């Protein structure tokens, strides 16, 4: 692939994203679809107290979507719920140019630097984060 968006690191992460599986007993789960491109992501989270203890996912989407899900799965375990919400906001801001690489909570998110100039692909990266936030919101709705 000669597209600059699909660099070796993104393709390696996409392989990791394709290998993800759903959790058997998630605390929360949510699915988000992108009707424009057809990407679909389901994220499962196991949460104890305020800490993420497990992440599972099923990604039916492009390499960018798969790579983003892989980073979430790799980085979210051990993170606080609030940190996960913040990561979702920050990656969206980073892609749009309103946040810098220094603002990213996880170093590997800088892998998506080439996507910053391809606005039509921002949703591909953000979709797994949207599913994660939606799952967290369902937890808050139950506890309210």
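Computed quantities for the displayed model
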quantity: Long-range tail of P(r) for region 1-86 (Cα pairs > 16 Å, %); calculated: 54
quantity: Region 6-52 shape via C-alpha gyration tensor axes, a/c threshold 1.5; calculated: oblate
quantity: Of 14, 79, 63, the one that fluctuates the most in a GNM where the chain has Cα springs shorter than 10 Å; calculated: 79
quantity: Sites residue 85 and residue 7, calculated FRET efficiency, Cβ-Cβ separation with R0 35 Å, nearest 0.05; calculated: 0.80
quantity: Computed FRET value (nearest 0.05) for residue 48 with residue 15, which takes r as the C-beta separation and R₀ as 30 Å; calculated: 0.55
quantity: GNM result for the chain, Cα springs below 10 Å: residue of 83, 123, 24 fluctuating most strongly; calculated: 24
quantity: Spin-label pair residue 31/residue 110, simplified geometry with 7 Å Cα→Cβ offset, distance in nm; calculated: 3.7
quantity: Cα point-scatterer Debye curve for the chain, base-10 log of I(q)/I(0) at q = 0.09, 0.13 Å⁻¹; calculated: -0.24, -0.50
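Values quoted throughout were computed directly from the atomic coordinates according to the rules given, and no laboratory measurement underlies them. These figures come from a predicted structure and were not determined experimentally. Because the Cβ atoms are built from the backbone with ideal geometry, glycine has one as well, and the counts that use them run over all protein chains shown.
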